[in-house]
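Heads up, the thing below is written out as C-alpha cells.
Every number in this text was worked out from the coordinates using simple rules, so none of it is lab data. Source: prediction; values computed, not measured. For neighbour counting, all protein chains shown are included, and Cβ atoms are generated from backbone atoms with ideal geometry for every residue, glycine included.
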Amino acid sequence: MALRLLSTQTTMSTIASPPIHHIPVDVPSVRDRASLARRVLLGCGILSSLLYVAMNVFVAMQWEGYSSASQTVSELSAIGAPTRSLWVVLAIGYTVLVAAFGAGVWTSARESRALRIVGGLMIAYGLTGLVWPFAPMHLREVLAAGGGTWTDTMHIVLAMVTVPLMLVAIGVGAAAFGKRFRYYSIASLAILLAFGVLTGRDGPRVGANLPTPWVGVWERILIGVFLLWVVVLAIALLRSARDRRGV
C-alpha cells in the first residue's frame, strides 16, 4: 500500500512539474569582441580622412583673407594666425583617429608582415601629431622679417619625418593585397612625389613672403592622395575581415 502511494505521488509530481527548457543566451565571444574592436579601429581611418578634409574647409573659412590655393595648410596653425587654436584642437582628434587606425591595421595583420609594418608606421605618423602643436611656423611676414625661431626649424624637421612615414607606409602597403591595390599604391606614390616636389619648390618663397599662387593646391593634392589611400586601405581591410567571417 505504501509502495503504491509513493508511486502515485511520484507520477503526479512528474505530471505537475513542467519540463525545464534552457533558454540560450547570446554572449559575445572574446573573438567576436576582438573582431568588433578591429572594425571600429579600422573605421577610425575613414573618419580621420573625412575629419582632415573638413578641417581644411571649415577652419580656412574662419580666416578672412586666407587662400587655400596660395597658402599652405601649416599657415592655418601658424603663430599669430586667427585659426591656430581651432586647428590645434581639431588636429588632436585627427591624431587620435590616425593612431587608432594604425592599431587596427596592426591587429588585422595576422601573418602579413607588410600590414604589421604599415600599422606601426601609421601609429608613428599619428603620434607625430602630438608634437606639431609645439612646433608651429610663424606667419610669412614674420619669417620674411627674420622673426623665425626654433619652432620654425622644428616645423621643418617634423615635415621631414612625416612625409617619409607617409611614403614608406604606402610603399610597404602596396604589397599587402593584390595587383589592383599595388598599382593604385604605386600611382599614389608617383603623385605624392610629383606634387611634393612642386610644394617644396615654393617653400623658400613662403619664408620670403613672396607670391605662391599654387602652393596650397599642390600641397592639398599631396595630402588628399594620402588621405584617400588611408580610406581605400581601411575599406580593403574591412572587406577582408568580412570575407573571413563569411558574412
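Of note:
- Considered as a group, the residues in segment 125-138 that are surrounded by fewer than 17 Cβ atoms within 10 Å (Cβ to Cβ) and in contact (Cβ under 8 Å) with a residue 24 or more places away in the chain include one that is nearest to the chain's Cα centre (by Cα), and that residue is 127.
Rundown of residues vs (1) in a loop (DSSP other than H, G, I, E, B); (2) within 20 Å of residue 221 (Cβ to Cβ), yes/no style:
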{"site": "60", "(1), (2)": "no, yes"}
{"site": "64", "(1), (2)": "yes, no"}
{"site": "81", "(1), (2)": "yes, no"}
{"site": "86", "(1), (2)": "no, no"}
{"site": "90", "(1), (2)": "no, no"}
{"site": "96", "(1), (2)": "no, no"}
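- One residue from 121, 158 being surrounded by 15 or more Cβ atoms within 10 Å (Cβ to Cβ), within 18 Å of residue 232 (Cβ to Cβ) and not small (Gly, Ala, Ser): 121
- Residue that is of a type in the set (D, E, K, R) and either touching a Lys or Arg at 6+ places or on another chain (Cβ under 9 Å) or more than 19 Å from residue 66 (Cα to Cα) (or both), where the choices are 220, 201: 201
- Test: residue in segment 174-183 that is of a type in the set (Phe, Trp, Tyr), more than 30 Å from residue 146 (Cβ to Cβ) and surrounded by fewer than 19 Cβ atoms within 10 Å (Cβ to Cβ): yes
- Leading residue by the ranking (farthest from the chain's Cα centre (by Cα)) among those in segment 192-247 that are surrounded by 19 or more Cβ atoms within 10 Å (Cβ to Cβ) and outside any helix (DSSP H, G or I): 212
- Across segment 56-90, the qualifying residues are those that are in contact with a Phe, Trp or Tyr (Cβ under 7 Å, 6 or more places away or on another chain) and over 20 Å from residue 211 (Cα atoms), and the one among them that is surrounded by the fewest Cβ atoms within 10 Å (Cβ to Cβ) is 82.
- Taking residues in segment 68-94 that are farther than 19 Å from residue 151 by Cβ, and partners anywhere that are charged (D, E, K, R), the pairs with Cβ atoms closer than 7 Å and at least 6 places apart or on different chains are 68/220.
- Residues of segment 99-121 satisfying the condition of being touching a residue at least 60 places away in the same chain (Cβ under 8 Å), closer than 19 Å to residue 181 by Cα and hydrophobic (A, V, I, L, M, F, W, C): 101, 105, 114, 115, 118
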